[in-house]
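The values are calculated or read from the model by the stated rules, or taken from the named source; none is laboratory data. Keep in mind the model is a prediction, meaning the values are calculated, not measured. Glycine gets a Cβ as well: all are built from the backbone with ideal geometry, and neighbour counts include every protein chain shown.
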Amino acid sequence: MNLTYTQNYNLYSGEKDEMLLENGMVSSHWQNLNHEIDKLGLFELENRHNEIKRLIKENGVTYSVYKDPNGLNRPWQLDPLPYLIPQDRWQTIEKGLIQRAHLLDLIAKDIYGEQKIIKNRIVPLELIYGHSGFLRSCVQMNSNINQFLTIYAADMALGSDGRVWVLNDRTQAPSGLGYSLENRSVMSRVFPEWFQNSQVRKLTSFFKIYRKTISALCLNKEDPRIVVLTPGQRNETYFEQAFLANYLGITLVQGEDLTIQNDKVWIRSIRGLEQVDIILRRVDDNFCDPLELRADSRLGVPGLLQAVRKKNVIIANPIGSSILENVGLQGFLPSLSKYFLNEELISPHVATWWCGQEKEQTYVFDNLNNLIVKKIDKAHFSHSIIGWELSNQQLYDLKEEIKQNPKSFAAQEHIQFTTTPSFSNCQIESRFSVFRCSILGTGSTYQVMPGGLARSAAERGSFIISNQAGGISKDTWVLGMEPKNTSEQIHIGTDRDHNNDFGLPSRMAENLFWIGRYTERITSTARLMRTLIASINERSLKSSKDEKVASQFLLKSFTHFTSTYPGFLDENNKTILQKPDKELIKIARDLSIPGSLPYSLQSLFRSVNEIRSYWSSDIWRVLESLEQGKDLLNKTEKITLAQLQNHLDQKIINLTAFVGLVEEGLTKEQGWDLFDLGRRIEKSLGLLTLIRSTLVNKASESAEYLIMETVLDGLELQNHYRHKYRSHLNIDNILHLILLDSTNPRSLTFQLKKLDKRLKYLASQGDKNQNVRTTRLAFELTSSFKLSMAENLAQSKGFLREDLDYILSTSTSKLYEINDLINQNYFSHSHIKLLDKPIIDESSI
Amino acid sequence: MKLQIKHKTKYSYLEKVNLCHNQVILKPINLIGKQHLISFEISIENIKPSIDERIDFFGNNVHYFCINQTHKELIINTNSVVETYNSFSYFGDIHQIQLLDYKNKFKYSSESSFYLASQFIIPSIFIDISKEVKEFANNVLNTGFSLYSNCINLMNYIYKNFKFESGFTNINTPIPTILSQKKGVCQDFAHLMIATLRAWEIPARYVSGYIETLPPEGKEKLVGTDASHAWVSVFFGEWGWLEFDPTNNIQPNEQHVVLAYGRDFEDISPVKGVVITGSNPKLKVSVDVSRL
């Protein structure tokens, strides 16, 4: 076959390639796809690549890079060219992985049980006992466990000898499943014809078995409560954790959402405590329990080990699994395989020498410039040291470092790997790739996911492949017939065939509440700001005294409204009221000022990310465009008031769309009431402040007219007013419309009615006694306005409307009290503190 | 000798606390021929949580409890009665173990007691075998002498050259600081001695326990003036483990009561806990060791 693109295929010289054989032929498993690629052409491929990028951005697929200040939530990268595994090779891989999973299972059980491998001298004691993953408090803890590893992943690569090598084992909380699923879902959308014309194994049935397997971990409950324990949004793979939780219909929680009482695990929900039976863990071993493990951890749950010991909770994978990630242990796998299974390893493992033994250390020292050196228990974090990239001096230093503490080092040989086609910069070139396979322990047997997460190097010729180093992911295609006819439909959140009658977790409730508050705060601030800008623009140089007074009233009111003191109230800045542009722009773009737009936006996004698993892809799309605007605001270059106005319009539209989608998409169980409650409280507080700071102190009649006009404008109520009163503005009507009119959805009374309703719903959820005070306060609030007449409120003594001031100020404090009570009753906060350990300081006899 | 130990640990909080988790290692272990536990009680004042007891990885008695009711102070009381015995009777030819061949013997011995002891050579959280420690070990230890003489010398050296000073160090003070400042408390000295021995690949354990103190001559013993104590346990092959108290320059005998053995303080800290609170708790400890 003579293919166009392979002729220009940019081969990295000297390496074997998976697609293009040395004789110039295309390997058989690539022929089909090559044909498709040629049909498409490079230009179209680039278009599709852009489509991939767009989808990934819209779906909010991210991967955080730790050391990069801009690394949080970096967009995920996906190569349009998949990684292909032919059927026969896959069968060998599958066999090899099942054997390996079984072996690791036996090793883990032995290390945390009888320790025969140490007693029989298969493995040196120091290799286990000196590794930070060997947790003494977990010994004998999981003695009843059927399979130690529920989910296990191996990083593999195809060697130039045609064999598939295992590079790494991931045993404590392997990532990759969610990204694999997301990659597949994007690929099948962008390249539907490729899937139609190739035999690619489907992923969905694996996830069905996965979900079933997890539920089955708890033997004595039919419908166990399962949670995914995440370290939180700062974790590199937080996206995936939220994605998987959502896909599997499992609650995503952080350590602080859980508490241990009576040796059981409970989740804090707005209904009170609910027992948790199974924890899918994404928090590393050492961080799981600050009482017994790392005391400085804020990611775990104090007392968790005790609950495991009492067999009241099942954690997958069990705490202690990281001992299997010990690089040094890998050197002993061949003999361990003989010991436990009396078998040779099917998948070869990269030769590994643990420096804690004299003979091995000598070998490592003699061959250092051909080896890759790793620390045995920091394989995750520290870079591997590439022997052949070191100078003589560096080699010498490395030897000295190893000599200081040989037991914590291991060295591995360098295998010649093959390259595979990768699409980059509008051309197809060869890159080194590795792929991660996930294996599920189903209790009695093992299931290997027919696919995986392949990654290729960020640069040509480089064989350092990690996401942290900027690697690019690839969908992994296992070619061949499906065992049974299965359909590939990836729908998020549709797998909820389980009874989910659980209370809303408190932290989620709290975030929803704050999302409600911030959404409303940003919208109303933007509206008010837009109105002020319009009135400034209209102001002529020869403005009247009344116009000046009105403008000053309104600017000061804006500072009260946003709590951005001193702002326009700054006595030391006389000109600020004459030249308000600067201050307004500051509130529009200065992130460091609480109350400013970017500050509130940032808080909104923090909360939105905290409960990431909640949002549909439509909502993500809106949030994405909302966030894009954030950058525009944060830039330092000059911005005119007109530009700002356009920008504010855009914000308001986005936020309104967001509220609409939330309203439409969130169910009661998911906490719609909390979201709405937050909005109503914020809106009420805003109205109270705005009216208090504009209409309590009486200005001259014509100034007050201007003020009322702007207030109506800022609240988007001009049309309402005109429609209802068909008259000139007067204070009685204004107060009625804004405060008392229950038919006006923007009035205070309307907000308070909704507030009352939401509070009643909440009260029906939790402990009744707790809520007596909140419902009472809400009743007082609504009735005080019901009993008020606009004419009375408008009356003044001198320049002060006393009755109006009274009702507004008492209502404000009541609302704050409600806010605090909601906090106390539903969002219990836990601040973990360690007790000082007594110092041991006996002096003498 | 029959000793009674009353140990009171009191945490006071500024605000009410609703939840705390605690782990304590305050129940003396039984040691054949050395100490026998006659009775032990543990209680929390004014609160009756269920207290769980288990044996940890090192064979120590560990108690766990959780208090999930509102409280403003946490008072843990223990009362132990222990019979201690003079265990110096088998000392005969302890000098047979030379420092140099001990190391080798250790490496190639297939006896299980040997390789299990070897876990106490590996560095642990509080005992890092730093350059400073290695240097110190090379200066103080001497291959010309037996292991036993080396231990005595090392203990003696620490006692003479390091000043006991409360308040200068805390539990996180690293060993190099102790070495350069030449002061600390018993837990620091124990850590230093263990580190020195481990630097030469001699298995050494951390011992937490009590010591009977006697009042100055002619004075009454004051109540509550004792404290927890810490010293060192060294592996002597067939002879088992021998103990050394570098703070007092003596080999523990009937006046010492062992609570627990571990790699270092971290493994067996007598009391630790996690509370859910906003403020910093205050801690007060009192210990009384008296002869019955």
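When we screen A:Ser506, A:Ser544, A:Ser524 for residues that are of a type in the set (S, T, N, Q) and either surrounded by fewer than 20 Cβ atoms within 10 Å (Cβ to Cβ) or more than 18 Å from A:Asn819 (Cβ to Cβ) (or both), the only hit is A:Ser544. Considering segment B:248-258, and only residues there that are surrounded by 22 or more Cβ atoms within 10 Å (Cβ to Cβ) and at the interface with chain A (Cβ under 10 Å from one of its Cβ atoms), the residue that is nearest to B:Asp188 (Cα to Cα) turns out to be B:Asn248.
In segment A:159-205, how many residues are of a type in the set (D, E, K, R), crowded, with 22+ Cβ neighbours inside 10 Å and in a helix (DSSP H, G or I)? Adding up the residues that qualify gives 2. Look at segment B:183-201: where a residue is more than 17 Å from B:Glu135 (Cα to Cα) and a partner is assigned to a loop (DSSP other than H, G, I, E, B) and of a type in the set (A, V, I, L, M), sitting 6+ places away or on another chain with Cβ atoms under 8 Å, you get B:Val185/A:Ile839; B:Val185/A:Ile840; B:Cys186/A:Ile840; B:Gln187/A:Ile839; B:Gln187/A:Ile840; B:Gln187/B:Ile171. Among the conditions (1) under 12 Å from the mean Cα position of the chain (by Cα); (2) modelled with pLDDT under 90, B:Tyr210 misses just one, which is (2).
Would it be correct to say that B:Lys272 is surrounded by 14 or more Cβ atoms within 10 Å (Cβ to Cβ), out of contact with any Phe, Trp or Tyr (no Cβ under 7 Å at 6 or more places or on another chain) and of a type outside the set (Phe, Trp, Tyr)? In short, yes.
Look through segment B:114-159, keep the residues that are away from every other protein chain (no Cβ under 12 Å) and hydroxyl-bearing (Ser, Thr, Tyr), and return whichever of them is farthest from B:Trp239 (Cα to Cα).
Keep residues of segment B:114-159 that are away from every other protein chain (no Cβ under 12 Å), which gives B:127, B:132, B:135-158.
Filter once more, keeping what is hydroxyl-bearing (Ser, Thr, Tyr): B:143, B:146, B:148-149, B:157.
Numbers: B:Thr143: 20, B:Ser146: 14, B:Tyr148: 11, B:Ser149: 15, B:Tyr157: 24 Å.
That would be B:Tyr157.
Can you report the number of residues in segment A:260-277 which are without any contact (Cβ under 8 Å) to a residue 12 or more places away in the chain and either surrounded by fewer than 18 Cβ atoms within 10 Å (Cβ to Cβ) or of a type in the set (Asp, Glu) (or both)? Working first, answer last.
So in segment A:260-277, the residues without any contact (Cβ under 8 Å) to a residue 12 or more places away in the chain come out as A:262, A:266.
The next check asks that each one be either surrounded by fewer than 18 Cβ atoms within 10 Å (Cβ to Cβ) or of a type in the set (Asp, Glu) (or both); those that pass are A:262.
Of the residues in segment A:260-277, 1 are without any contact (Cβ under 8 Å) to a residue 12 or more places away in the chain and either surrounded by fewer than 18 Cβ atoms within 10 Å (Cβ to Cβ) or of a type in the set (Asp, Glu) (or both).
One line per residue, one yes/no per condition, for (1) of a type outside the set (Asp, Glu); (2) over 29 Å from the mean Cα position of the chain (by Cα):
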| residue | (1), (2) |
| --- | --- |
| A:Asp110 | no, yes |
| A:Gln115 | yes, yes |
| A:Gly133 | yes, no |
| A:Ser160 | yes, yes |
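As for segment A:305-318, it holds at least one residue that is among the β-branched types (Val, Ile, Thr), in contact with a strand residue (DSSP E or B) (Cβ under 8 Å, 6 or more places away or on another chain) and within 14 Å of chain B (Cβ to nearest Cβ). Of everything listed in (1) part of a loop (DSSP other than H, G, I, E, B); (2) β-branched (Val, Ile, Thr); (3) touching a Cys at 6+ places or on another chain (Cβ under 9 Å), the single unmet condition for A:Val283 is (3).
If I filter segment A:390-404 for residues that are within 14 Å of another protein chain (Cβ to nearest Cβ), modelled with pLDDT under 90 and part of a loop (DSSP other than H, G, I, E, B), do I get at least one hit? No, segment A:390-404 contains no residue that is within 14 Å of another protein chain (Cβ to nearest Cβ), modelled with pLDDT under 90 and part of a loop (DSSP other than H, G, I, E, B).
Of the residues in segment B:199-207, at least one is within 13 Å of chain A (Cβ to nearest Cβ), under 28 Å from A:Ala295 (Cα atoms), modelled with pLDDT of 95 or more and in contact with a Phe, Trp or Tyr (Cβ under 9 Å, 6 or more places away or on another chain).
Keeping to segment A:388-422, report how many residues are farther than 25 Å from B:Lys134 by Cβ and among the hydrophobic types (A, V, I, L, M, F, W, C). Spell out how you get there, then give the answer.
Just the residues of segment A:388-422 that are farther than 25 Å from B:Lys134 by Cβ, to begin with: A:388-392, A:412-422.
Those still in the list that are among the hydrophobic types (A, V, I, L, M, F, W, C) too: A:388, A:390, A:415, A:417.
Here the count works out to 4.
Scanning segment B:83-101 for residues being surrounded by 15 or more Cβ atoms within 10 Å (Cβ to Cβ), of a type outside the set (A, V, I, L, M, F, W, C), modelled with pLDDT under 90 and assigned to a loop (DSSP other than H, G, I, E, B) gives a total of 1. Scanning segment A:551-596 for residues that are under 38 Å from the mean Cα position of the chain (by Cα), charged (D, E, K, R) and under 16 Å from A:Ile533 (Cα atoms) gives A:Asp581, A:Lys582, A:Glu583, A:Lys586, A:Arg589.
Comparison of A:Pro290, A:Pro302 shows that the only residue that is surrounded by 24 or more Cβ atoms within 10 Å (Cβ to Cβ), touching an Asp or Glu at 6+ places or on another chain (Cβ under 7 Å), within 14 Å of another protein chain (Cβ to nearest Cβ) and part of a loop (DSSP other than H, G, I, E, B) is A:Pro302. When segment B:264-292 is limited to residues that are assigned to a strand (DSSP E or B) and more than 7 Å from every other protein chain (Cβ to nearest Cβ), the one that is farthest from the chain's Cα centre (by Cα) turns out to be B:Lys282. Look at (1) out of contact with any Lys or Arg (no Cβ under 9 Å at 6 or more places or on another chain); (2) part of a loop (DSSP other than H, G, I, E, B) and you find that A:Ser322 fails only one, number (2).
Quick one: would you say A:Lys39 is modelled with pLDDT of 80 or more and either surrounded by fewer than 19 Cβ atoms within 10 Å (Cβ to Cβ) or farther than 17 Å from A:Phe191 by Cβ (or both)? Give the derivation first.
Working: modelled with pLDDT of 80 or more: yes; either surrounded by fewer than 19 Cβ atoms within 10 Å (Cβ to Cβ) or farther than 17 Å from A:Phe191 by Cβ (or both): yes.
Considered against the rule, which asks whether it is modelled with pLDDT of 80 or more and either surrounded by fewer than 19 Cβ atoms within 10 Å (Cβ to Cβ) or farther than 17 Å from A:Phe191 by Cβ (or both), A:Lys39 comes out as yes.
Scanning segment A:688-738 for residues being basic (Lys, Arg) and under 22 Å from A:Asp546 (Cα atoms) gives a total of 2.
Only one of these is part of a helix (DSSP H, G or I) and within 28 Å of A:Ala295 (Cβ to Cβ): A:Ser143, A:Ser132, A:Ser137. Name it. Result of the check over A:Ser143, A:Ser132, A:Ser137: A:Ser137. Residue check: is A:Ile267 within 24 Å of B:Ile51 (Cβ to Cβ) and not aromatic (Phe, Trp, Tyr)? The answer is no for A:Ile267.
Of the candidates B:Asn172, B:Asn161, the single residue that is at pLDDT below 95 and more than 14 Å from the chain's Cα centre (by Cα) is B:Asn172. Of everything in segment B:208-224, what is surrounded by 14 or more Cβ atoms within 10 Å (Cβ to Cβ) and either more than 14 Å from every other protein chain (Cβ to nearest Cβ) or among the polar types (S, T, N, Q) (or both)? Give them in sequence order. Those that are surrounded by 14 or more Cβ atoms within 10 Å (Cβ to Cβ) and either more than 14 Å from every other protein chain (Cβ to nearest Cβ) or among the polar types (S, T, N, Q) (or both): B:Ser208, B:Thr213. Restricting attention to segment A:84-128, the residues that are within 14 Å of another protein chain (Cβ to nearest Cβ) and either free of Cβ contacts under 8 Å to residues at least 60 places away in the same chain or among the aromatic types (Phe, Trp, Tyr) (or both) add up to 9. Annotation: of all residues in segment A:71-109 being in contact with an Asp or Glu (Cβ under 8 Å, 6 or more places away or on another chain) and part of a helix (DSSP H, G or I), the one that is surrounded by the most Cβ atoms within 10 Å (Cβ to Cβ) is A:Leu104.
Quick check: is even one residue across segment A:764-776 over 16 Å from A:Leu688 (Cα atoms), part of a helix (DSSP H, G or I) and aliphatic (A, V, I, L, M)?
Keep residues of segment A:764-776 that are over 16 Å from A:Leu688 (Cα atoms), which gives A:764-776.
Those still in the list that are part of a helix (DSSP H, G or I) too: A:764-765, A:768-776.
Keeping just the survivors that are aliphatic (A, V, I, L, M) gives A:772.
Within segment A:764-776 (the criterion being over 16 Å from A:Leu688 (Cα atoms), part of a helix (DSSP H, G or I) and aliphatic (A, V, I, L, M)), the answer is yes, since at least one residue qualifies.
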